[in-house]
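In what follows, a single structure is set out as structure tokens and then discussed.
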Amino acid sequence: MTIAYDSIMERTSFSGMSCPVALALEHVGEWWSILILRDATHGVTRFEHFQRSLLERRRYSERPPRDEYVLTQAGHDFRPVLIALYTWGQQHFPPDEVNVRLVDRTTGLDVDPVLIDRASGDPLDDAHTEFLPGPAADDRLRATLAARAGGAG
């Protein structure tokens with residue numbers, strides 16, 4: 001069965017939401033934007049459509065007019081997100097054969113990415129971290145996080 005996602009999945013703006021995940025998705029754009037950012041991280045520069053906050057269009061030829069797209073600072077800062085998605089995908093949905101490896105530039109050895117807290121060096125897992133409401137959290141979010149904290153374990 002083939003599903004035409006464009007007919008059932010309409011683009012929704014998350015700009016009015018206060019959730020950092022929703023706001024991040026608002027800047028990333030459509031689902032395919034992450035794949036384009038992956039390609040841009042690999043050095044590909046010429047596409048017709050890129051998300052503006054993460055990629056910048058630069059003219060490289062006047063005659064004929066041609067543009068390339070390069071990562072903005074926000075696009076460069078998105079690399080750890082791509083690496084986290086890569087790691088998660090490799091762990092839960094590995095391809096039948098290895099098609100890309102993430103390696104240390106100096107040694108050429110495969111790396112095993114892990115998210116850690118810069119200050120403590122602790123992993124960002126359930127045992128070491130939790131989400132707490134911030135000053136702008138509404139009552140619904142506060143209740144949701146309080147219920148999560150009460151039932152975590």
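A simple rule links phi to the HN-Hα coupling: the Karplus curve 6.51 cos²θ - 1.76 cosθ + 1.60 with θ = phi - 60°, which for segment 81-87 gives 5, 4, 5, 5, 5, 4, 4 Hz, with x for Gly and Pro.
Give me the tail of P(r) for segment 47-153 as a percent: Cα-Cα pairs with distance above 20 Å.
On the way: 3828 of 5671 pairs.
In whole percent, the long-distance tail amounts to 68.
Under 5 Å between amide hydrogens, built in the peptide plane, is the criterion, and for LEU55 it picks out THR72 among residues at least 5 positions away or on other chains.
Readers should treat all values here as calculations from the given coordinates under stated rules, not as data from a laboratory. Since this is a predicted model, take the numbers as computed values, not measurements.
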